[in-house]
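A.B. asks: I'd like to ask you about the structure that follows.
Laboratory data are not the source of any read-out in this text; all were calculated from the coordinates shown. Predicted model, so just to flag it, every value in this text is computed and none were measured. Glycine also receives a Cβ, built like all others from the backbone with ideal geometry; neighbour counts cover every protein chain displayed.
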């Protein structure tokens, strides 16, 4: 196709074989003006009017103003998003390793924060006390054969037998390696091959105080869901079980879990919808929730698991009986009961705080030889009295727990001493303090003061207000 170029004084006309003419006209300029016809490497020179660019590539453009209409699409995953002074809203965007400098998070209308790491938490998430089996005031790691209902393996964890001497409890029994993150566990060892009777049960239990469960609102339409989580280890395999119950033991929730590999730690999580029926005590110092880990239960105390039942049930039907196999073991640690339907990381508490929480229920005042008990005085020539202050308010006015024997205790006074076997009784006890009185082998002058100590390696003096 031929093109005709016509030169005019202030313009150039381009015409082809078809109709129509294109006129290139320059505005008046001083000097010489050059017009370069298009090529692949052309430079697009901006002008005052607005043009639309379609399917064009801009190399290192300078964008001075962006209007608030349209969509800006970032081309690749390696692009850099440059911040600006105004506030933008990012919706459904993924930020990889962002750095937030003094962010204003505001107050969310709703939502649940789950599985969060790296955030310091200082609440009371875990309703279990001594769930990591760290505190053992009574036994200092020694084994205890469970002969009565309520003997403790470690603080707050007791054995409950229908028949005496069928299992023992001990902190770190068997000396196996605990799960990662834990240093201790509670171990139960079967001491015979016992066939459990229909109305019998054997368990490890903790009773939670009502003050610590009242907010769950069980027994109402607003009952909260909870999740029980723990680590379990056994020489046996199969379906194991446990249960939660109210104070009156007429509402219970048996649950089951599986240990597939013998002598291997298994992490367990059980979610339990709060009970909307029955009577559950509120914010009092009585039993709020009973928790049992079954070691063997008869048919009368077993039922189908996974639902609330009206009655006293400690296990699910057909679950493993640890006491049925001589020498069988069952170990547990990391026990946590928390509000919500998700098991979160274990709520570690520092040793001092955990000890104080345990001392509300059991306080070991002195143990071993030559341990100071306190200052006292002679009420009369043959009666010694002294006062004991507790480090924390106990659940109720406690009872006295002591080991006794010949000359287990000593009263130093007036340059000499009296050795005596025990304290006769506790009196004027409150949740904060108590008075003790000794009447055996005491001889002196009324009004003399002195210091009282333990006088035997087996001597111990404690105060008990356990549930």
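A.B. asks: One quarter of the convex hull surface, Cα atoms only: what value does that give for segment 416-467 in nm²?
C.D. replies: So the mean shadow area of the Cα hull is 5.0 nm².
A.B. asks: Using a 10 Å cut-off on Cβ atoms, rank the peptides 316-325, 271-280, 151-160 from the highest mean neighbour count down.
C.D. replies: My ranking of the peptides, most packed first, is 151-160, 316-325, 271-280.
A.B. asks: Quickly rank 305-311, 455-461 as a protection proxy: mean count of other C-beta atoms within 10 Å, highest first.
C.D. replies: 455-461, 305-311
A.B. asks: Cα centroids of segment 190-224 and segment 380-425: how far apart, whole angstrom?
C.D. replies: Between the Cα centres of segment 190-224 and segment 380-425 lies a distance of 36 Å.
A.B. asks: Among 251-260, 292-301, how do they line up by average Cβ neighbours within 10 Å per residue, starting with the highest?
C.D. replies: Details: 251-260: 19.8, 292-301: 23.9.
So the order, starting with the most tightly packed, is 292-301, 251-260.
A.B. asks: What fraction, in whole percent, of alpha-carbon pairs in segment 348-467 exceed 24 Å separation?
C.D. replies: Looking at segment 348-467, the distances longer than 24 Å represent 27 percent of pairs.
A.B. asks: Note down the nm distance, to one decimal, between modelled labels 7 Å out along Cα→Cβ at residue 371 and at residue 433.
C.D. replies: 2.2
A.B. asks: Compactness ratio of segment 142-213: Cα Rg over 2.2 N^0.38 Å, N = residue count?
C.D. replies: Relative to the rule-of-thumb radius for its length, segment 142-213 sits at 1.21.
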